[in-house]
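First the structure, in the form of structure tokens, and then the observations on it.
The values are calculated or read from the model by the stated rules, or taken from the named source; none is laboratory data. Only a predicted model underlies this, so the values are computations on that prediction, with no experimental measurement involved. All Cβ positions, even for glycine, are placed from backbone atoms using ideal geometry, and neighbour counts span all protein chains on display. Surface accessibility is based on the protein's heavy atoms, side chains included, excluding ligands, DNA and RNA. Shrake-Rupley method; radii C 1.70, N 1.55, O 1.52, S 1.80 Å.
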Amino acid sequence: MAKYIYITGGVVSSLGKGIASASIGKILEWRGYSVALVKCDPYINVDPGTMNPYQHGEVYVTDDGAETDLDLGHYYRYTRSPLSKINNITTGKVYQNVIDKERRGDFLGDTVQVIPHITNEIKKLIRLAEKTYKVDIVLVEIGGTVGDIESLPFLEAIRQMKNESDQASTINVHLTLLPFIKSAGELKTKPTQHSVGKLREIGLQPEILMVRTDRPLEKSSRSKIALFCNVREECVVEARDVENVYEIPLKFRESRLDEMIMRHLKLKKKSSAADRKWTRVVEIAKANKNKIKIGIVGKYIKLQDAYKSVDEALKHAAIANNLDMELVKIDSDKLEKADKAGVEKVLSSVSGILIPGGFGPRGIEGKMAAVRYARENRVPYFGICLGMQVAVVEFARNVCGLEGADSTEFRPETHHPVISLLPGQSSDGKKGGTMRLGLYRCDLKKGSRAAKSYGVEKVSERHRHRFEFNPGYKKVFEKKGMILSGINPKGKLAEIVEIKDHPWFVAVQFHPEFKSRPDEPHPLFRDFIASAAHRLKNVM
Ligand code: GLN
């Protein structure tokens, strides 16, 4: 039987519950335990696949093609938790399952209600992780903030699960905020007291409280929180802001959070070393002072989390090159409106240009201008998914001379559909979960830049798109210097293109950012940054 850790949040959202959960997973792995992390999202969408990045942030894709919450990206980067569609439970999915059962007649005349039918389904889905993955510890992060109407069924389900198991099997770690009030000159504990009060109202008593602060937690505040929130004083853990997010597991370990959890869950002491590689990565990251500026051209730049995995993969790559990453988010809409000099003004300040994935025509011509600038000025370019498709269209128009070339996503009537739906793909129908999703194989062309980066001949990467490179144009492209350096052997689909005569111009149809870790940077990101650094040196 696995042990369960439920992670809830109070006071405000954006406390970094995902990173905190992942970091708890990490310190328990350092103790020799296997973990699986599950995210419960209280919204009614079945998955975040159809949500606007402005509302939701990045959609993280797993090997099995599930479109999931971006917290699963944190779980991947910090831990070895298995990840699949099982790890993300939404209210939409829960209700869909229950309503399907009701229509089939499975409830035999029962009135179907939130308690017990919805809560039973939540419990079943949570336990599926334990059954499938057979890990020592399942960590369940409940999205939203305690007090939200939406998350109540999830909290009720964990209350029941706690009640159904013995005390040493489950704990609740509650994350809150201690705001510093300037005029009073102190950290305030009242919002934390209220949020724990809310939890206790519905029958949940947290065993461990983690409090986010921007300064040290004094003994008096700790005692006060312990007294008013009914937790032991040593179980009030300070979670102070850090310089680098990958430092958090090390900080948690320093505060002996791992031992505290093990004591509560009656877990035997196993090995206890923080891995050296991780510690080293954090040390390097903090020591690096030489900045490299990379421009990310996209349309969701105002939202911090829209390209989360891309941002993190770039940071991992910078660490691997002993550099500090400065991300310059460039609005594709603005580039679209700018003339050549305007584009140059914006892009000449960065050492490399990356265009991430995206959907829809807005800002597309701005992205096209960025690719053209990178190609003509020999600036390292990394295209991801849509970033590959615009690279192909730009090359078709400006190098192959295919006038009006386009993706049929943006101009269905184009005479040169260099990116299009392929035979057998349907252009109509449902939007949710209907793309080419998840892991596909990619064979690399010997001697190509991609093959050199990966250092192997075959790789598998995750996809999330509808449109493809149109193989009818392969010959024209190769003749003009853009080669197909990665091919999916089954569908003969183009997975990677690169320009031969360019310092580093690689564009991929898949999403390599989902498989980068701080201590295992993705080879393509690593070499993109190496090339950008090389250029930086030459320019300086
Ligand atoms: N909109 C493009 C497609 O559907 C690219 C998708 C993406 O970048 N994830 O093919």
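For the chain, what does -39500 (n - 2.57) per DSSP helix run (n ≥ 4), summed and divided by total residues, give at 222 nm, in deg cm²/dmol to the nearest 500? Don't jump to the answer; show the numbers that get you there.
Working: 19 runs with 201 residues, N = 540.
Mean residue ellipticity, 222 nm, calculated: -11000 deg cm²/dmol.
Close amide-amide hydrogen proximity is noted between ARG517 and HIS522, each under 5 Å apart and 5 or more residues distant or on a separate chain (H modeled in the peptide plane; Pro and chain starts excluded).
Charges at C-beta only: +1 for Lys and Arg, -1 for Asp and Glu. How large is the resulting dipole of region 35-131 about its Cα centre, in Debye rounded to 20? Each step should come with its number before you reach the end.
Numbers: 12 positive and 14 negative charges, 61 e Å.
That gives a dipole near 300 debye.
Extending 7 Å from Cα along the Cβ direction at GLU102 and again at ASN288 yields two label points whose distance is 5.2 nm. Note on LYS219: aspartates and glutamates with a C-alpha under 15 Å away, same-chain residues under 8 apart excluded, are GLU186, GLU233, GLU234, GLU238.
With respect to the chain, whose longest principal axis is taken over its alpha-carbon atoms, helix 17-30 is tilted by about 80°. Dipole orientation for region 316-437: of the candidates ALA341, LEU354, ALA370, LEU354 has the Cα lying most toward the positive pole (charges on Cβ; Lys, Arg +1; Asp, Glu -1). What the phi angles of region 174-188 give under the Karplus curve with 6.51, -1.76 and 1.60, with θ = phi - 60°, is a coupling list of 10, 9, 9, 10, 10, x, 9, 9, 4, 5, 8, x, 8, 6, 9 Hz, glycine and proline written as x. Seen from LEU187, the other residues with C-beta closer than 15 Å to its C-beta sum to a net charge of +4, counting Lys and Arg as +1 and Asp and Glu as -1.
Residue ranges 236-243, 503-510 sort as 503-510, 236-243 when ordered by packing (mean number of other C-beta atoms within 10 Å per residue, highest first). A Cβ-based charge dipole, computed about the Cα centre of region 134-177 with Lys and Arg at +1 and Asp and Glu at -1, lands at about 80 debye.
For region 382-540, the solvent-accessible area works out to 44 Å² per residue, with a probe of 1.4 Å and every protein chain left in place. Put simply, the amide H of VAL38, placed in the peptide plane, has neighbours under 5 Å in LEU139, VAL140, GLU141, leaving out anything fewer than 5 places away on its chain. Against the chain, whose longest principal axis is taken from its Cα atoms, helix 219-229 shows a tilt of about 70°. Measuring only protein heavy atoms, the 1.4 Å probe finds MET325 accessible over about 30 Å². Karplus-based coupling profile of region 474-490, in residue order and whole Hz: 3, 4, 4, 5, 5, 4, 8, x, 9, 9, 8, 9, x, 10, 7, x, 6, with θ = phi - 60° in 6.51 cos²θ - 1.76 cosθ + 1.60 and x standing for Gly or Pro. Taking amide H positions as modeled 1.01 Å from N, with prolines and chain starts lacking one, the residues under 5 Å from GLU495 and 5 or more places away or on another chain are GLY486, ILE487, ASN488.
For the pairs LYS17/LYS315; LYS289/LYS537; LYS134/LYS269; LYS17/LYS277, note any where the Cα-Cα span goes beyond 26 Å.
Values: LYS17/LYS315 21 Å; LYS289/LYS537 15 Å; LYS134/LYS269 20 Å; LYS17/LYS277 24 Å.
Beyond 26 Å between Cα atoms: no listed pair.
Averaged over all directions, how much area does the convex hull of the C-alpha atoms of region 215-343 cover when projected, in nm²? Orientation-averaged projected area of the Cα hull: 11.9 nm².
Note on LYS445: aspartates and glutamates with a C-alpha under 15 Å away, same-chain residues under 8 apart excluded, are GLU457, GLU478, GLU495, GLU498.
When peptides 107-115, 82-90, 67-75 are sorted by average Cβ neighbour count within 10 Å, with the highest value leading, the order is 67-75, 82-90, 107-115. Across the chain, the convex hull enclosing all Cα atoms gives 169 Å³ per residue. For region 367-375, putting each phi into the Karplus relation 6.51 cos²θ - 1.76 cosθ + 1.60 with θ = phi - 60° gives couplings of 5, 4, 5, 5, 5, 4, 4, 5, 5 Hz, in residue order, rounded to whole numbers and with x for Gly and Pro. Highest average first, the peptides 383-394, 299-310 ordered by how many other beta carbon atoms sit within 10 Å of their residues are 383-394, 299-310.
Where nothing but the Cβ of Lys and Arg (+1) and of Asp and Glu (-1) is charged, how large is the charge dipole of the chain around its Cα centre, in debye to the nearest 20? Show your work: numbers first, answer last.
Values: 86 positive and 68 negative charges, 246 e Å.
It comes to approximately 1180 debye.
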